[in-house]
Amino acid sequence: MVAPIVGVLALQGAFAKHVEAIDRLGHRASEVRNAEQLAQVDSLIIPGGESTTISKLLDSSGLRPLLAERLSAGMPAFGTCAGMILLATEVLDGRDDQESFGVIDLAVRRNGYGRQINSFEANLVVDDIGQQPLRAVFIRAPRVEAVGDGVEVLASVEDVPVLCRQGQILVSSFHPELIDDDRLHQLFLAGLG
Amino acid sequence: MSSENNTSSSSNNNHESGTVRVKRGLAEMLKGGVIMDVVTPEQAKIAEDAGAVAVMALERVPADIRVDGGVARMSDPEMIEGIKAVTTIPVMAKARIGHFVEGQILQALGVDYVDESEVLTPADETHHIDKFAFDVPFVCGATNLGEALRRIAEGACMIRSKGEAGTGNVVEAVRHLRSILGDVRKITQADEAELFEWAKQLQAPLPLVQEIHDTGKLQVPLFCAGGLATPADAALAMQLGAESVFVGSGIFKSDDPAPRAKAIVEATTNFNDADLLAKVSRGLGAPMTGIGMDEDNVKFADRGW
């Protein structure tokens, strides 16, 4: 049996850092930019970056309908920052033409914490990965405004959810790929079974 | 992500903003993208619609600064506000080399990145801005690795190879990228004892040279700027090792900016896919005319110390 491949959507953004994290954990990671590459992966990480840019490139690459199909068929996914926006059911303050895949029942506000000057880092305790705090880095981050019934909130900062899970979909409004702490990637990989 | 200088706020959760990690973090998010120079809100919309990862708000593109001559300064805050109001993507703006008050004003305006830029007329012929003193991140230009490391030592969170802005000629961008990345490769291979000589030759801090030797890469993201005008130029910069591209005059000085902007975005993502590059390069109309290096009187790249 061939080891499962973790895809990393590589249209734009911090995809290389996610590939490095998956490599460090001894799993196979593969960059996804087109239909052939998407067909070869068993799960997908959608990285941080500019959600409008990634969204445009999903259209020009023809990946959008294929990815929607894979996600609705149950492909596991981990979305960080822009990735969270793309996976959520509702996007506030997005562009009018911005579409999301709607596979985790969340309303998120784009740049909901403000501009870069308001970007920050903070300690998080996530029960699922042990009591050692995780240093979470928020960059022009989306803010979770509403959480649906089926969604587990795994961590919050000042009572606002920042790490959520629904079935095989994991999302964070911060950037686990920017720190030398791979526990959230490990959590995602563990969920792949 | 080695040091934790310049932390400004802290409360519960050890909440901090303006850290090196937060400032370099935005540069990580801009990777694989195109940052476009815009002079009006309308152009900013075109850039965002085309898929730009950020816009650089300025009053005149470098090609016009070159033609007009005179002193080029920070843009009018009203103009920057006008662009911020219409876009949802990050907005950058330029401060003159060494003009830390322009930096303070741009930070107060809430721009997302400040470019301490040689395209504007330098305000200080010896010192660059102390960029650790700011919560807003800075990008600086460099023509070689020594210049890049001096800027990083001053707190720059992103380096762009300078190229020669406003020319539509990619030759200087290629020269600077090759110089920076060629020296990174040589240092990676160097003997420990040779690193002292490298630091001396580069006029750069030894610890930064040693870090490159150990990691094999520059401490901050390396983007490419200055003279890119076509999708092929963008892909060339990416194949040479740039992590994103700035396109200044190249878009809005061309015949038909919107399709060219979109094509450059696609070329930057798919920089290794020649079939796709052939497809997106078709029928874009005339690129900016450009100027050759020998007919060029002012070299912006020589500004910076």
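The values are calculated or read from the model by the stated rules, or taken from the named source; none is laboratory data. Please read these numbers as outputs of a predicted model, since none were measured by experiment. In this analysis, Cβ positions are derived from the backbone assuming ideal geometry, glycine residues included, and neighbour counts consider all displayed protein chains. Each accessible area value is taken on the protein alone, full model and side chains, heavy atoms only, with ligands, DNA and RNA left out. Shrake-Rupley method; radii C 1.70, N 1.55, O 1.52, S 1.80 Å.
Within the stretch A:1-18, being open to solvent by less than 10 Å² (accessible area, probe 1.4 Å), hydrophobic (A, V, I, L, M, F, W, C) and over 12 Å from the mean Cα position of the chain (by Cα) holds for A:Val6, A:Ala10, A:Leu11. Residues being open to solvent by 30 Å² or more (accessible area, probe 1.4 Å), under 18 Å from B:Glu28 (Cα atoms) and assigned to a loop (DSSP other than H, G, I, E, B) are entirely absent from the stretch B:248-260.
The residue list B:Ile291, B:Ile264 contains one member that is closer than 27 Å to B:Arg24 by Cα and either at pLDDT below 95 or in a helix (DSSP H, G or I) (or both), which is B:Ile264. Check whether at least one residue in the stretch B:52-73 is over 24 Å from B:Val170 (Cα atoms) and aliphatic (A, V, I, L, M), and report yes or no. Scanning the stretch B:52-73, I find at least one residue that is over 24 Å from B:Val170 (Cα atoms) and aliphatic (A, V, I, L, M), so the answer is yes.
Comparison of A:Ala21, A:Ala14 shows that the only residue that is small (Gly, Ala, Ser), more than 23 Å from B:Lys45 (Cα to Cα) and within 11 Å of another protein chain (Cβ to nearest Cβ) is A:Ala14. With the structure loaded, tell me whether B:Glu102 is within 14 Å of chain A (Cβ to nearest Cβ) and surrounded by fewer than 24 Cβ atoms within 10 Å (Cβ to Cβ) or whether it fails that test. The answer is no for B:Glu102.
Scanning the stretch A:114-131 for residues that are of a type in the set (A, V, I, L, M, F, W, C) and part of a helix (DSSP H, G or I) yields A:Ile117, A:Ile129. Can you name the helices (runs of 4 or more DSSP H) wholly within the stretch B:30-139 that have at least 1 residues being under 30 Å from B:Gln239 (Cα atoms) and of a type outside the set (Ser, Thr, Tyr)? By residue number, B:41-50, B:62-68. Looking at B:Val111, B:Val136, B:Val119, just one residue is open to solvent by less than 10 Å² (accessible area, probe 1.4 Å), within 14 Å of the chain's Cα centre (by Cα) and not charged (D, E, K, R), and that residue is B:Val119. B:Phe223 - would you say it is free of Cβ contacts under 8 Å to residues at least 60 places away in the same chain and not in a helix (DSSP H, G or I)? Here the answer is no, as B:Phe223 does not meet what is asked.
If I filter the stretch A:72-90 down to residues being surrounded by fewer than 22 Cβ atoms within 10 Å (Cβ to Cβ) and assigned to a strand (DSSP E or B), which single residue comes out as nearest to the other protein chains (Cβ to nearest Cβ)?
A:Glu90
A:Ala68 meets each of the listed conditions (1) surrounded by fewer than 19 Cβ atoms within 10 Å (Cβ to Cβ); (2) under 17 Å from the mean Cα position of the chain (by Cα); (3) closer than 30 Å to B:Leu106 by Cβ apart from (3).
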